[in-house]
1. Once fully extended, how much extra length lies between N24 and L292, figured as 0.36 nm per residue of separation less the alpha-carbon to alpha-carbon distance?
2. Give the dimensionless ratio obtained when the Cα radius of gyration of the range 263-310 is divided by 2.2 N^0.38 Å.
3. How far, in nm, would the chain grow between A86 and R102 when pulled straight, counting 0.36 nm per residue and subtracting the alpha carbon separation?
4. Over all directions, average the projected area of the Cα convex hull of the range 59-169 and note it in nm².
5. Say the dipole of the chain comes from +1 at the beta carbon of Lys and Arg and -1 at that of Asp and Glu; which of L91, Q29, T322 then lies farthest toward its positive end?
6. Could you run the Debye sum over the Cα atoms of the chain, one equal point scatterer each and no solvent, and tell me log10 of I(q)/I(0) at q = 0.12, 0.13 Å⁻¹, two decimals?
7. For the chain, what is the relative contact order in percent, using Cα pairs closer than 8 Å and at least 6 residues apart in sequence?
8. Checking the cross-link filter: which lysines have an alpha carbon closer than 20 Å to that of K64, excluding same-chain neighbours under 8 positions apart?
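Where a number appears in this text, it was derived from the coordinates with a stated rule and is not lab data. No experiment lies behind these values; they were computed from the predicted model shown. Note: ideal-geometry Cβ built from the backbone for every residue, glycine included; neighbour counts use all protein chains shown.
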Amino acid sequence: MSHIDLLDISKSYDKQKKVLDEINLSIEQGEFFVLVGPSGSGKSTLLRMIAGLEDITSGTLKMKDQIVNHLPPKDRNLSMVFQNYALYPHLSVEQNILFGLRAKKIDKKEQQKRLTETAEMMGLSELLNRKPKELSGGQRQRVALARSVVSEAPLCLMDEPLSNLDAKLRSQMRMEIRRLQRKLGLTMIYVTHDQVEAMTMGDRIMVLNDGKIQQVGKPITLYNEPANLFVASFIGSPKMNMGKGIFTSEQQQLVIEDTIKLDVDSNLTGIPKNINLRVGIRAEHLFPGTSLNTTHYLEAVNVEQLGNETLIAFDIGSELWTAKWLGQWNVQVGEVVPVHIGIENVCFFNADTGLLIKSAKSVKKQEAVSI
């Protein structure tokens with residue numbers, strides 16, 4: 001059963017260019033749905049329209065089959081967590097958490113019951129008498145979450161709630177939010193510009209760019225089968241390696257950036273030979289070469305040792321490609337490195353339309369070895 005339906009939703013200011021253009025989407029009950037895209041793509045505007053904080057220029061918004069276009073936020077039975085936490089500095093943690101319940105004049109015994117349960121769940125029981133200025137960033141974030149949870153609204157909207165936290169705390173809070181959502185069975189719509197957050201948290205992801213939907217689907221589907229060049233370059237860390245592709249006149253080889261030559265497999269079908277091609281390959285699909293399978297020798301122009309993996313960058317024509325190899329590799333800048341590149345791991349895109357023509361086949365995991 002869908003919790004939210006967006007039908008041809010558009011948004012524009014002063015009848016100028018549309019900020020959002022005919023968004024059609026259904027979000028299921030109990031789903032963790034992530035809106036991801038670069039700054040200015042319209043994701044926060046869409047969230048605020050669902051919340052009732054922004055007017056809908058055209059289209060229909062439904063919640064549980066009820067049209068809510070003109071329903072005020074207080075009547076939409078939802079909670080919202082903002083990027084800046086929006087805590088009242090003069091109120092204690094307890095007062096901040098209970099603020100919404102007191103505004104709704106919920107029975108005091110019920111307020112205390114919910115407060116006790118929520119504070120224990122969020123690890124705030126010892127902090128209830130403190131003011132926001134006495135809390136760390138992570139603690140303030142948990143207070144904002146607790147205020148949302150205590151309302152017991154079935155729909156929770158989050159607008160980049162972790163962007164002000166450091167990397168370690170963001171990782172921890174991602175797990176806490178996801179665990180909380182599963183435990184309470186909430187329908188959650190989560191806005192972020194961080195594709196790592198989107199990939200690790202969402203049941204489904206919608207990629208927005210310039211006010212238009214680029215692709216909606218499960219994280220792994222967007223990673224393996226990006227609908228277009230934008231999704232391919234936006235989803236994944238490091239981003240997909242890209243380059244101009246041309247088939248030789250005999251159709252025996254694919255030449256990438258006038259540098260990489262790959263023999264054409266007999267199974268490679270369905271790719272028009274008379275169009276401009278853009279090809280892509282994931283960093284983990286540039287494999288370490290061995291004495292048996294090396295296809296290319298490439299010069300390393302940058303090496304990043306991350307402990308559990310090594311990122312090695314190569315100049316490929318006008319592009320910079322990155323290989324991601326498991327383990328610790330003793331590779332120096334300027335060293336010529338053996339690499340295995342298989343045409344079965346290449347994604348093909350129409351360079352003019354940007355649309356995916358053929359995705360890469362599934363690939364076996366590389367083994368962690370060192371040279």
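1. 91.5 nm
2. Working it through for the range 263-310, the quotient is 1.61.
3. That pair, A86 and R102, stretches by 4.1 nm at full extension.
4. 8.3 nm²
5. Selected residue: L91.
6. -0.97, -1.06
7. Contact order relative to length: 15 percent.
8. K74
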